[in-house]
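As structure tokens, the structure follows; a few thoughts come after it.
The values are calculated or read from the model by the stated rules, or taken from the named source; none is laboratory data. If you're wondering where the values come from, they're calculated on a predicted model, not measured in any experiment. Glycine also receives a Cβ, built like all others from the backbone with ideal geometry; neighbour counts cover every protein chain displayed. Quick note on the areas: whole protein, heavy atoms, side chains included, nothing else; ligands and nucleic acids left out. Shrake-Rupley method; radii C 1.70, N 1.55, O 1.52, S 1.80 Å.
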Amino acid sequence: MSMTEDGTSLRRNTEEVPAHVDILNLRLHFGDRTVFDGLSCRFPQGKITVILGASGGGKSTLLRTIACLQQPDWGDIWVGDKEVTSMHRHQAQQFRRRIGMMFQGGALLDSLTVYDNVSLPLREHTKMTEDEIRETVQHQFTAVGLKNVDQLLPGQLSGGMMKRAALARAMILEPEILLCDEPFSGLDPLAVRLIENLIVETNQRTGVTILMTSHHMGSTMRMADQVVFLVGGAAICGPTKEIQTSVDPRIRSFLRASGADPLSEEELYLDSGFPRHEEEHS
Amino acid sequence: MFRSHVEKLGGRTIAGISRLGQFTTFAGVLLDCLITRPFRGRRLIDEVYTIGVLSLVIVCISGGAVGMVLGLQGYTVLTRFGAEEALGSFVGLTLIRELGPVLTALLVTGRAGSAIAAEIGAMVATEQLDGLRMMSIDPTHYVAAPKAAAMVLTMPLLSALFIVCGIGGGYVVGVQFLGIDPGSYLKGLEGSIKFSDDVMGSITKSLVFGILVGMISTYRGYTSAPNAAGVSAATTGTVVVASVLTLIVDYIITALWGV
Ligand SMILES: Nc1ncnc2c1ncn2[C@@H]1O[C@H](COP(=O)(O)OP(=O)(O)OP(=O)(O)O)[C@@H](O)[C@H]1O
Ligand SMILES: [Mg+2]
């Protein structure tokens, strides 16, 4: 649940809403690199949870594990009343229908047009007629603010349009849970605000539980109901306010580094070892 | 020193065997995908078209060139025995029984097989396959199976095309350049080729090669590492493994069934 000394107070706060995703004692390593070392946390139903942490801290891997794309070495993941890690191939395939995922790079099929990409889940899993599909997809495009992109290929979209198209595809089957991997990376500040509003609006409109990873502190503080902080293979989780005022030195240094001070921000990028243009900054 | 060599050898052997097991599992899943619904006819036709279009020109040109060389070489050899009239059956039988299926398989591997591995590898690298999984669509069913099936269907057709072009090339050299009687060229061709033996054997061979190339190229793409180096390794790996296996399997089929 929570790794901080003031764990009891965090527990009280996160248990007010029932958990939709509950992770117990997750362990995972690739070779001799440990990614999760007894990670436990819970994601409340219908809320937006932002997963923070250093580059390489395992944020994407956590989402992939929840989506059953990555098998952990140890531990349980409960989604509703289903245990995810012990599922077989076919069960996992069924299970994923309840989950939408927005990948960092969009992951649209580049041989299909945007329209065909977004309508693909409908064609595969529903018995809708062509007219119904067209109507549903157009409705979805309007919801995410995409216009005149039907016949474009994914390679012809800008970064922001790609994110919108990915969100449209992830939401088209009305999933219970939406996983977003870095929805703001590579976007300008204005586009960050737009996608941010889009996600919050989607959450309020449909009541979908949203788990997203981000490096973007500003938007995290604005939109998150709960924050999960990955450090050293474990998770510190709590409501946004509590994380903001946390005394844990690891959280404090992360918050300080991503604050308004441009110099310390620069240092963070240097430390992370990633080219700067890959990260977003407002 | 000696021990470390033994250890390395053991490690390689185990890795090789586990790779083989992985491949067999993949082949099983692929077969399972071919018989489970929904049947992806549209995807299959698209893939047949792509593989066919990719390989059509090189198969025709190579077939013609090989046929012309066979015409020249065959003429030189046959005149030593005073049997130039047999040029038609020489060119036809060589192409149908052996060179047609084998060279087509090698050409298609280099052109379409490598393209399949690269395409699937790039889809792995850009998380498109995971994207499909998250839509509850089995990527083996949607991406790999239609490509492999298309390869099996296209291979005999391309091989037939290769053979026709080759026979044409032999005709041009033999009849137009070297002055063999056209009647005897065609007569020899017609008289010596048995449908049940030569042609069926040829079709069998190219079907087997199609299965081989289809499986290897999709498998290598599917299991490639998710980065640019992984894609390039999958591509070259496909060409090398499929080409060598084609030649070995060709010998085995010929030795066992004499086709
Ligand atoms: N398939 C894999 N094989 C080996 N190592 C992996 C694999 N996937 C992830 N890792 C390792 O696991 C660690 C966590 O990776 P992950 O992508 O989850 O980090 P992240 O927190 O999402 O980072 P970023 O913020 O840069 O996206 C990294 O050290 C990475 O090298
Ligand atoms: Mg990541």
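Observations on the structure shown:
- In the context of the full set of protein chains, residues of chain B present 49 Å² of accessible surface per residue (probe radius 1.4 Å, heavy atoms only).
- Inter-centroid distance (Cα atoms) of region A:189-228 relative to region B:203-224, Å: 46 Å
- When A:Lys127, B:Lys147, A:Lys47 are compared by accessible area at a 1.4 angstrom probe, the order from most to least is A:Lys127, A:Lys47, B:Lys147.
- Count Lys and Arg as plus one, Asp and Glu as minus one, and take only other residues whose Cβ is under 11 Å from that of B:Glu85; the net charge is then -1.
- Charge dipole magnitude, Cβ of K and R +1, D and E -1 - the protein assembly as shown, Cα centre, debye nearest 20: 800 debye
- Partners for A:Lys59 among lysines (Cα-Cα distance below 25 Å; same-chain residues under 8 apart left out): A:Lys47, A:Lys82, A:Lys163, A:Lys241
- As a fraction of the 1.4 Å probe accessible area of region B:38-99, surface on carbon and sulfur atoms comes out at 72 percent.
- Solvent-accessible area lost in complex, 50 Å² minimum, residues of region A:81-128 relative to chain alone, 1.4 Å: A:Arg89, A:Gln93, A:Arg96, A:Phe103, A:Leu109, A:Glu124
- Choice from A:Leu28, A:Leu173, A:Leu157 showing the highest fluctuation, given a GNM over chain A with Cα pairs closer than 10 Å: A:Leu157
- In region B:128-175, the residues that give up 20 Å² or more of accessible area when the other protein chains are added, compared with the chain on its own (1.4 Å probe), are B:Gln128, B:Asp130, B:Gly131, B:Arg133, B:Met134, B:Met135, B:Ser136, B:Ile137, B:Asp138, B:Tyr142.
- Whether chain B is rounded, prolate or oblate, judged on the alpha carbon gyration tensor where a/c under 1.5 counts as rounded: prolate
- Pairing chain A with chain B buries about 1800 Å² of accessible area. This figure sums both sides and uses a 1.4 Å probe.
- In this simple spin-label model, placing a label point 7 Å from the Cα along the Cα-to-Cβ direction at both B:Ile14 and A:Thr245 gives a separation of 5.5 nm.
- Under 20 Å from B:Lys147, Cα to Cα: lysines that are on another chain or at least 8 residues apart: B:Lys205
- Ranked by the mean number of other Cβ atoms within 10 Å per residue, highest first, peptides B:50-62, B:26-38 order as B:50-62, B:26-38.
- Phi angles of region A:178-190 translate, via the Karplus equation with coefficients 6.51, -1.76, 1.60 and θ = phi - 60°, into HN-Hα couplings of 10, 9, 10, 9, 6, x, 9, 5, x, 10, 6, x, 5 Hz per residue; Gly and Pro are given as x.
- Region B:28-60 and region B:1-20: distance between their alpha carbon centers, rounded to Å: 37 Å
- Taking all Cα pairs closer than 8 Å and separated by 6 or more residues, the relative contact order of chain B comes to 32 percent.
- Each stretch of four or more DSSP H residues adds -39500 (n - 2.57); spread over every residue of chain B, this sum gives -26500 deg cm²/dmol at 222 nm.
- Here chain A exposes an accessible surface that is 51 percent carbon and sulfur, computed with a 1.4 Å probe and the other protein chains kept in place.
- Contact order relative to length of region A:87-224, as percent, for alpha carbon pairs under 8 angstrom and 6 or more apart: 31 percent
- Computed with a 1.4 Å probe over protein heavy atoms only, the accessible surface of region A:2-246 comes to 43 Å² per residue.
- Computed with a 1.4 Å probe on the full set of protein chains, the accessible area for A:Glu174 sits at about 150 Å².
- Separation of region B:80-98 from region B:151-179 is 13 Å, based on Cα centroids.
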